[in-house]
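Trainee: What follows is a structure written as structure tokens; I'll ask about it next.
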Amino acid sequence: MKFWTNYHLTIILAVSLLVLGGASLFVGVLDLNPSAAGSAAGSAENSVPSALELILISRLPRLLAIVMTGMGLAVAGLMMQSLCRNKFVSPSTAATIQSAQLGVLLALLFWPSSSLMERALGAFAFALLGTWIFILFIQKVQVRDLILVPLVGIMFGNIIGGITNFLAFKFEMNQALASLTVGHFSTIIRGHYEIVFLVLPLLALSFFFAQHFNIVGLGSGLAHSLGVNYQLFLFLGLTLAAMLTASIVVVVGTISYIGLIVPNLVTMYQGDNLKHTLLNTALAGALFVLCCDLIGRVIIFPYEVPIELIIGCLGSLIFIALIFYRLRQPKAPKGHVVGTMAALQPSCAGSLQPSGAGSIKGRVVGGES
């Protein structure tokens, strides 16, 4: 009973992911009936693959890419929100995704014959650069409004997106850019997606340093007093988030909102302790992406709607609901000190507003520190 009480959410998410993952292997235009597929494959006039070939070449790689994408983007968003102490910071609102797109496009322009790994390195370098420029800007101007931080990130991302679009039009790379701006899994096949498995070691590092990231999220003063190098682990956390995002963008393209809404929904239920929420956030992200992918595959069957459109519609509605929810949270009186001396440290996003249910208390709200 105690085990169920402690891990019921993890069990529910894992079982749901297994059931829907198994069901997704049988969703597609080609029938997986062994007799029908086998006879078709044996015919000299028909090149339809057998059921096993279809699963190994297309369906299973697609499922694995979906799981890695959901886990990677959700955990990247959770770490960025924890390190910046702002629930609206994510790869899509901190210009991380747009910077990764620019990196891939530049790799295609200057190294047309570059491999998938070389494009991933370009995406990683620019994703990290764009994220750090955004964070440094927020620290410099000290934006204190909870909502203004993601708005600044969206504007910065639009500037980077404008540069990317200009280069694509100038050098006639519009088709390559289209594959990066609209996320989809329809082209995922064996041999052309394996770069997404970089998510696994990055997730392992995120779990290993989760407690350090928790302390960094409390502020530089408290982190130093507890013997944690604030700048080092802030850089490490944002680097892991940028690498998770880049390894997905280079294969799947842009998928928004996952790193924004999934961590918010999980932490609203479970709290902000990364050590307790990382696994459930990863599972919830994979489950959310899988559900949206199944909707896109069956809504106008046998045709397929790109998953970015499905997640964009659902995610925008959930995002609006989260904004209203966060704005309705009670605020402490002006100058009132809540919690520990961590309140005296500015966050990396510059916001001193409470971050919602289950958060680690310890901020000065409304007053000067």
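Trainee: Name the pairs whose Cβ atoms lie under 7 Å apart, with the first residue in region 225-236 and more than 15 Å from A210 (Cβ to Cβ) and outside any loop (DSSP other than H, G, I, E, B), the second modelled with pLDDT under 90 and not basic (K, R), and 6 or more positions between them or separate chains?
Mentor: Y230/V216; Y230/S220; Y230/A223; Y230/H224
Trainee: Can you name every residue in region 66-101 that is more than 28 Å from A223 (Cα to Cα) and buried (at least 24 other Cβ atoms within 10 Å of the Cβ)?
Mentor: Hits for region 66-101 are I66, M68, T69, G70, I97, Q98, S99, A100, Q101.
Trainee: If you take the residues in region 172-202 that are more than 27 Å from N158 (Cβ to Cβ) and of a type in the set (D, E, K, R), which one is modelled with the lowest pLDDT?
Mentor: Here the answer is R190.
Trainee: Could you list, ordered by first residue, the pairs with Cβ atoms under 9 Å in which the first is in region 106-126 and under 17 Å from T245 (Cβ atoms) and the second is of a type in the set (D, E, K, R) and surrounded by 16 or more Cβ atoms within 10 Å (Cβ to Cβ), at least 6 apart or interchain?
Mentor: Between residues of region 106-126 that are under 17 Å from T245 (Cβ atoms) and residues that are of a type in the set (D, E, K, R) and surrounded by 16 or more Cβ atoms within 10 Å (Cβ to Cβ), the close pairs are A107/R119.
Trainee: Which numbered condition in (1) modelled with pLDDT under 85; (2) surrounded by fewer than 22 Cβ atoms within 10 Å (Cβ to Cβ) is the only one that M268 fails?
Mentor: Checking M268 against (1) modelled with pLDDT under 85; (2) surrounded by fewer than 22 Cβ atoms within 10 Å (Cβ to Cβ), the one that fails is (1).
Trainee: Considering only residues that are within 12 Å of the chain's Cα centre (by Cα) and of a type in the set (A, V, I, L, M, F, W, C), look in region 253-282 and name the one that is nearest to F207 (Cα to Cα).
Mentor: Applying the filter and picking the extreme gives A282.
Trainee: Can you tell me which residue among F134, F126 is buried (at least 16 other Cβ atoms within 10 Å of the Cβ), within 13 Å of V249 (Cβ to Cβ) and aromatic (F, W, Y)?
Mentor: None of the others qualify; the one that does is F126.
Trainee: Can you report the number of residues in region 271-311 which are in contact with a Phe, Trp or Tyr (Cβ under 7 Å, 6 or more places away or on another chain) and among the hydrophobic types (A, V, I, L, M, F, W, C)?
Mentor: Adding up the residues that qualify gives 4.
Trainee: Okay, next question. Going residue by residue through region 264-276, is there one that turns out to be more than 20 Å from L18 (Cβ to Cβ), part of a helix (DSSP H, G or I) and in contact with a Lys or Arg (Cβ under 7 Å, 6 or more places away or on another chain)?
Mentor: yes
Trainee: Being in contact with a Ser or Thr (Cβ under 7 Å, 6 or more places away or on another chain) and under 14 Å from A95 (Cα atoms) is the filter here, so list the residues in region 242-277 that pass it.
Mentor: A242, T245, T254, I255, S256, Y257, G259, L260
So that you can scan it fast, the table gives a plain yes or no per residue for (1) farther than 20 Å from T187 by Cβ; (2) part of a loop (DSSP other than H, G, I, E, B); (3) hydrophobic (A, V, I, L, M, F, W, C); (4) modelled with pLDDT under 65:
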{"site": "N6", "(1), (2), (3), (4)": "yes, no, no, no"}
{"site": "L9", "(1), (2), (3), (4)": "yes, no, yes, no"}
{"site": "I12", "(1), (2), (3), (4)": "yes, no, yes, no"}
{"site": "V19", "(1), (2), (3), (4)": "yes, no, yes, no"}
{"site": "L30", "(1), (2), (3), (4)": "no, yes, yes, no"}
{"site": "A37", "(1), (2), (3), (4)": "yes, no, yes, yes"}
{"site": "A41", "(1), (2), (3), (4)": "yes, no, yes, yes"}
{"site": "S47", "(1), (2), (3), (4)": "no, yes, no, yes"}
{"site": "I57", "(1), (2), (3), (4)": "no, no, yes, no"}
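Trainee: For a quick check of your reading: which helices (runs of 4 or more DSSP H) sit entirely within region 128-218 and have at least 3 residues that are more than 26 Å from R85 (Cα to Cα)?
Mentor: 148-170, 174-181
Trainee: A further question follows. Determine whether I360 is more than 20 Å from the chain's Cα centre (by Cα), surrounded by fewer than 20 Cβ atoms within 10 Å (Cβ to Cβ), modelled with pLDDT under 85 and β-branched (V, I, T).
Mentor: Criteria met by I360.
Trainee: In region 70-99, which residues are part of a helix (DSSP H, G or I), more than 11 Å from P263 (Cα to Cα) and polar (S, T, N, Q)?
Mentor: If the condition is that a residue be part of a helix (DSSP H, G or I), more than 11 Å from P263 (Cα to Cα) and polar (S, T, N, Q), then T96, Q98, S99 are the ones that fit.
The values are calculated or read from the model by the stated rules, or taken from the named source; none is laboratory data. This structure is a prediction, so every number in the text was calculated from the model and none was measured. Positions of Cβ are generated from backbone atoms using ideal geometry, with glycine treated the same way; all protein chains shown enter the neighbour counts.
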